[in-house]
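To start, the structure under review is shown below, and the notes come after it.
The values are calculated or read from the model by the stated rules, or taken from the named source; none is laboratory data. A quick note: this is a predicted structure, and the numbers were derived from the prediction, not measured. Please note: Cβ atoms are built from the backbone with ideal geometry, for glycine as well, and neighbour counts cover all protein chains shown. These area figures cover heavy atoms from the full protein model, side chains too; ligands, DNA and RNA do not enter into them. Shrake-Rupley method; radii C 1.70, N 1.55, O 1.52, S 1.80 Å.
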Amino acid sequence: MERNYNAIDIVKLLMALFVVAIHVHPEECLDNFDLKDIIRNLYSLAVPFFFTASGLFLWNKLKNKSRMESLMLLRRWLKRITRLYIIWTIIYLPYTIYGLVLEDNSVGKSFLIFIRNVLLVGENYLSWPLWYLLAMIVAGCIIYLMLKCKFTDRYMYCMALLFIIVGFLIENKHWDAYFSLFKTTRNGLFYGFPYMMIGVFLSSFSIVRSNWAKIFLLILGLILQMNEIEIGRFLTIYAIYSIILSFNWDKWDGVCDTFRITSTVFYFVHMLWVGLFIIFSPTISPFNLFIMVIILCSLTTYVVIKNKERKIVKLLFR
């Protein structure tokens, strides 16, 4: 029986709201520090969820194809992601320039910082969501090279584990030479590729069938995650996918199409609205900012859906 993926689109919308919350911090209205910490840990599942979905859907397209056909499809996928990254980097360019002016560096240094951020970091001032696209490009290039060298997916799992370990060592040793260039380990090597490989695993093998095992993995993952043990987030993501893919949502096709578009628009557009409030209304409370951004992103989504067949919309969101 073919697996139904509508549940992923439903949860994607929730995760898109989490991404908005990551950048505006509505939980700051709470007084309980422990509760805020729990909420932030839940927020942190958002981008890994998107990476895993990308890995799952990408591998679904590749796994039953010949090597040459898989490489061709992967090149096409990489071109699409690269195009999106370039387009949205240009769209966010006014905020980037504004941020560079605030830093008050020379023109030459500002230009070098911009180039470094675009090529190695994936984000500039107020364009923080775009690192996801650069990370996917890097992860996709790794998958492409491994397929070209005729490595199986099992070798890819080992490579993902190696990247997780190396990223952990870099983070804990805090290698200054690395951070002076890349700023963070949250990139395609140590973040994007490993989470995409969870998607590859989900595409290649069956999900956990036992409900008790799903609950155990979810609880274990959350406990480890709350204690800042990174492997916990991987377990949590795998458990979430095992749970949501257990349900049959085949009657939700039309609704899920809308959810898919909505989550995409929210992800890419929300910082455009957030930036306007930061610049022109910096005293707005985080919770009010969250509500206003959700409303404005919803209106933007409505316009996008109404015009989804136009070339400009396809160029920006597909």
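Near residue 287, within a Cβ-to-Cβ distance under 10 Å, what is the net charge of the other residues, with Lys and Arg +1 and Asp and Glu -1?
Numbers: positive: none; negative: 27, 28.
So the surrounding residues net to -2.
Where is the GNM fluctuation largest for the chain (alpha-carbon springs, 10 angstrom cutoff): 290, 168, 193?
168
Considering only protein heavy atoms, what per residue accessible area in square angstrom results for the chain with a 1.4 angstrom probe?
Values: 16720 Å² over 318 residues.
Per residue, the chain has 53 Å² of solvent-accessible surface.
For the stretch 1-109, give the percent of accessible area contributed by carbon and sulfur heavy atoms, probe 1.4 Å, rounded to a whole number.
Numbers: 3520 of 5660 Å².
Ligands and nucleic acids excluded, carbon and sulfur give 62 percent.
What number comes out for the charge environment of residue 190, summing +1 per Lys or Arg and -1 per Asp or Glu over other residues with Cβ under 15 Å away?
Details: positive: 173, 183, 186, 233; negative: 171, 230.
Net of charged neighbours comes to +2.
With a cut-off of 8 Å between alpha carbons and a minimum separation of six or more residues, what is the relative contact order of the stretch 48-206 in percent?
Values: 166 pairs, mean separation 62.6, N = 159.
Normalised by residue count, the contact order of the stretch 48-206 is 39 percent.
What accessible surface, in Å², does a 1.4 Å probe find on residue 310, ignoring ligands, DNA and RNA and rounding to the nearest 10?
About 140 Å², ignoring ligands and nucleic acids.
Considering only 174, 285, 275, whose Cα is most displaced toward the positive end of the charge dipole of the stretch 165-298, charges sitting on Cβ of Lys, Arg (+1) and Asp, Glu (-1)?
Going by the charge dipole, the pick is 174.
Suppose every Lys and Arg Cβ carries +1 and every Asp and Glu Cβ carries -1, with no other charges. What dipole size does the chain come out with about its Cα centre, to the nearest 20 debye?
On the way: 32 positive and 20 negative charges, 334 e Å.
My answer is approximately 1600 debye.
Relative contact order, percent, of the stretch 196-318 when contacts are C-alpha pairs under 8 Å separated by at least 6 residues?
Numbers: 72 pairs, mean separation 23.3, N = 123.
Relative contact order of the stretch 196-318: 19 percent.
Please state the charge dipole magnitude for the stretch 1-67, taken about the Cα centre, from unit charges on C-beta atoms (+1 on K and R, -1 on D and E), reported in debye and rounded to the nearest 20. Before the final figure, lay out the partial values.
Details: 8 positive and 7 negative charges, 162 e Å.
That gives a dipole near 780 debye.
Return the FRET efficiency for the residue pair residue 44, residue 212: r is the Cβ-Cβ distance, R0 is 30 Å, and the value is rounded to the nearest 0.05. Mind dumping the intermediate values first?
Numbers: r = 26 Å, r/R0 = 0.86.
With R0 = 30 Å, the Cβ-Cβ based efficiency is 0.70.
Name the most mobile residue of 147, 217, 169, meaning the one with the largest mean-square fluctuation, in a Gaussian network model of the chain with Cα contacts below 10 Å.
Of 147, 217, 169, the most mobile in the Gaussian network model is 169.
Residue by residue through the stretch 8-16, which ³J(HN,Hα) values in whole Hz follow from phi under the Karplus form 6.51 cos²θ - 1.76 cosθ + 1.60 (θ = phi - 60°), with glycine and proline marked x?
After applying 6.51 cos²θ - 1.76 cosθ + 1.60, I find 4, 5, 5, 6, 4, 5, 4, 5, 5 Hz.
Using protein chains only and a probe of 1.4 angstrom, how many square angstrom of residue 166 are accessible, to the nearest 10?
50 Å²
Using r as the Cβ-Cβ distance of residue 311 and residue 106, and R0 as 41 Å, what FRET efficiency do you calculate, to the nearest 0.05? Walk me through the numbers on the way to the answer.
Details: r = 40 Å, r/R0 = 0.97.
The value I calculate is 0.55.
Considering Cα pairs under 8 angstrom that are at least six residues apart, work out the relative contact order of the chain and quote it in whole percent. Present the calculation step by step, with values, prior to reporting the outcome.
Details: 359 pairs, mean separation 97.2, N = 318.
Result for the chain is 31 percent.
Please arrange 224, 102, 35, 45 by accessible surface area, largest first, computed with a 1.4 Å probe and ligands excluded.
Numbers: 224 40, 102 105, 35 75, 45 10 Å².
Final ranking, largest accessible area leading: 102, 35, 224, 45.
Name the residue from 24, 47, 68 whose Cα lies farthest towards the positive end of the charge dipole of the stretch 24-68, charges +1 on Cβ of Lys and Arg and -1 on Cβ of Asp and Glu.
Value computed over the given set: 68.
Whenever you get a sec, line up 100, 276, 62 from highest to lowest accessible area (probe 1.4 Å, protein heavy atoms). Each step should come with its number before you reach the end.
Numbers: 100 30, 276 70, 62 5 Å².
Ranked list, largest accessible area first: 276, 100, 62.
Calculate for the chain the 222 nm mean residue ellipticity that helices alone would give, adding -39,500 (n - 2.57) per DSSP H run of length 4 or more and normalising by residue count, nearest 500 deg cm²/dmol. Please report the intermediate quantities before stating the final value.
Details: 15 runs with 237 residues, N = 318.
So the helix-based figure for the chain works out to -24500 deg cm²/dmol.
Using each residue's phi in the stretch 228-237, evaluate 6.51 cos²θ - 1.76 cosθ + 1.60 at θ = phi - 60° and report the 3J(HN,Hα) Karplus result to the nearest Hz, with x for Gly and Pro.
6, 9, 4, 4, x, 5, 5, 5, 4, 4
Between residue 227 and residue 57, what length in nm is gained on full extension when 0.36 nm per residue of separation is reduced by their alpha carbon distance? Working shown, then result.
Values: separation 170, 0.36 × 170 = 61.20 nm, distance 3.08 nm.
Extending this stretch completely gives an extra 58.1 nm.
Counting residues in the stretch 125-192 as N, plug N into 2.2 N^0.38 Å and put the Cα Rg over that result. Provide the component values of the computation, followed by the final result.
Working: Rg = 13.3 Å, N = 68, 2.2 N^0.38 = 10.9 Å.
This ratio for the stretch 125-192 stands at 1.21.
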